[in-house]
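**Student:** Please find one structure pasted underneath; my questions will follow.
What follows is calculated from the coordinates using simple rules that are stated; it is not laboratory data. The structure displayed is predicted, hence computed values, not measured ones. Cβ coordinates were reconstructed from backbone atoms using ideal geometry, including for glycine residues, and neighbour counts include every protein chain displayed.
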Amino acid sequence: MARSESTSKKVSSAASTVMRSKTASKAEKAVAASALTQSRNARETTSKKVASAASKVLQDPKASKQAKSAAASALTQKVKKK
């Protein structure tokens with residue numbers, strides 16, 4: 001079942017900044033795209049592939065604050081197995 005959480009306006013803005021960045025990695029942009037999708041539709045969830053990318057972004061010391069914010073939001077909206 002999908003979680004009813006959605007990306008906040010502040011995180012959506014950060015994700016938009018990441019998407020426009022010329023220096024952002026593919027993983028950062030994938031996570032940002034996921035966060036932006038979830039800002040419009042609370043029923044969307046994060047896929048396993050994007051969750052893995054989000055985890056890598058959070059662990060990357062070179063990742064921007066905006067990318068880490070989008071990654072954290074995307075992981076929050078991942079469906080958890082019971």
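**Student:** Within the range 26-57, which residues are in contact (Cβ under 8 Å) with a residue 40 or more places away in the chain and not hydrophobic (A, V, I, L, M, F, W, C)?
**Tutor:** Selection gives Glu28, Ser34, Arg43, Glu44, Thr45.
**Student:** Still on this structure, I have one more. When the residues of the range 26-82 are narrowed to those that are surrounded by 15 or more Cβ atoms within 10 Å (Cβ to Cβ) and out of contact with any helix residue (DSSP H, G or I) (no Cβ under 9 Å at 6 or more places or on another chain), which ends up nearest to Ala14 (Cα to Cα)?
**Tutor:** Thr37
**Student:** A further question follows. Just to be sure I understand the filter: pairs with C-beta atoms under 6 Å, separated by 6 or more residues or on different chains, first member in the range 58-80 and touching a residue at least 24 places away in the same chain (Cβ under 8 Å) and closer than 20 Å to Ser6 by Cβ, second member assigned to a loop (DSSP other than H, G, I, E, B) and of a type outside the set (A, V, I, L, M, F, W, C). Which pairs pass?
**Tutor:** Within 6 Å, the pairs are Ser73/Thr7; Gln77/Arg3; Gln77/Glu5; Gln77/Thr45; Val79/Thr45.
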